[in-house]
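Every number here is computed from the coordinates shown, using simple stated rules; none is lab data. Just so you know, these numbers come straight off a predicted model, no measurement behind them. Cβ sites come from the backbone with ideal geometry, for glycine too, and all protein chains shown count toward neighbours.
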């Protein structure tokens, strides 16, 4: 029975850690972890002994406080945060959209359906309505929607 109690509490602790660090926002996993910990403590009191129940309750509280302290430290979240930023830009097309229509350009990335193309040594966002277009493919601009060139394979 002690193994079952230990397993319930351990699974509860793992679920709470997952809730805090991996899948925040769902709260279902965290509640399930708390319920499993509570069941483990209850079983230790009722099926084993009061003394073991006290030890189990104390250990569960210590584990829970330890999880809270570790998860609330800024150092923990710095490891989980994305520290990179995107500094690339795509050129603005402007009002003269006719200079693009029926002109050729080359895909720089895979268009699936969006990607980048090179037109007159400038990079633009492009979209393919027809199919996936591989990089380094010559395409023809058939339309301009907003700031996106609509292309098809040549």
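Of note:
- Against the chain, whose longest principal axis comes from its Cα atoms, helix 50-72 is set at around 30 degrees.
- Mean residue ellipticity at 222 nm, helices only, the chain: -14500 deg cm²/dmol; runs of at least 4 DSSP H residues each add -39,500 (n - 2.57), and the sum is divided by the number of residues.
- Stokes-Einstein diffusion of region 97-153 at 10 °C, 1.306 mPa s viscosity, Kirkwood radius from Cα pairs, rounded to a whole number: 151 µm²/s.
- Sequence of 64, 100 once ranked by neighbouring C-beta atoms within 10 Å, starting from the fewest: 64, 100
- The C-alpha atoms of the chain define a longest principal axis, and helix 2-21 lies at about 30 degrees to it.
- In region 2-80, Rg over Rh equals 1.04, where Rg is the alpha-carbon radius of gyration and Rh the Kirkwood radius from pairwise Cα distances.
- Its convex hull of Cα atoms gives the chain a direction-averaged projected area, equal to a quarter of the hull surface, of 14.1 nm².
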